[in-house]
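The structure appears below as structure tokens.
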């Protein structure tokens with residue numbers, strides 16, 4: 001008489017005695033992409049360049065990558081980054097119409113020998129980040145502020161629909 005297999009054994013395909021074995025072939029799950037509603041417009045997204053893809057001229061050897069949040073409002077692109085422990089004068093921010101680069105350095109205030117650490121998670125040293133913007137911005141009107149260790153860049157979007165009239169001067 002054969003023993004009836006439990007629900008778990010039937011579900012896992014196990015015989016009950018071989019708990020430590022796994023199936024060699026795993027079937028990848030089917031993609032579960034839901035159809036996008038027609039009313040949702042595609043919004044261009046800022047692309048932060050990973051440190052390994054940053055141009056060599058801009059990347060500092062051994063520099064850490066600064067984590068950022070990038071979002072948009074109706075008129076601006078806003079970038080936020082935690083720069084706690086870094087004086088505003090020690091930050092170098094370069095802005096072009098389609099790219100922002102943030103560089104700086106965070107130095108330890110006291111030296112502690114390695115064996116005396118129980119946990120060491122803070123990042124010390126140089127950091128940088130290059131962010132490709134989804135739209136062109138007005139470089140001259142851009143602002144940067146730092147409060148409570150949070151750097152905020154506000155980059156006004158260029159109004160491409162704006163038109164000006166030029167008067168032709170007689171020569």
Search result, residues across segment 128-152 that are under 19 Å from the mean Cα position of the chain (by Cα) and within 12 Å of residue 93 (Cα to Cα): 128, 129, 130, 131, 144, 151, 152
Residue, modelled with the lowest pLDDT, within segment 61-82, restricted to residues that are in a loop (DSSP other than H, G, I, E, B) and closer than 24 Å to residue 139 by Cα: 66
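Restricting attention to segment 72-86, which residues are under 15 Å from the mean Cα position of the chain (by Cα) and within 11 Å of residue 155 (Cβ to Cβ)? Lay out the reasoning, then the answer.
Filtering segment 72-86 for residues under 15 Å from the mean Cα position of the chain (by Cα) gives 72, 77-83.
Those that are under 15 Å from the mean Cα position of the chain (by Cα) and within 11 Å of residue 155 (Cβ to Cβ): 72, 77, 78, 79.
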Among (1) touching a helix residue (DSSP H, G or I) at 6+ places or on another chain (Cβ under 6 Å); (2) at pLDDT below 90 - the single one residue 115 does not satisfy: (1)
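The values are calculated or read from the model by the stated rules, or taken from the named source; none is laboratory data. All figures in this text were calculated on a predicted structure; none of them were measured in a lab. Ideal geometry is used to build each Cβ from the backbone, glycine not excepted, and the neighbour counts take in all protein chains shown.
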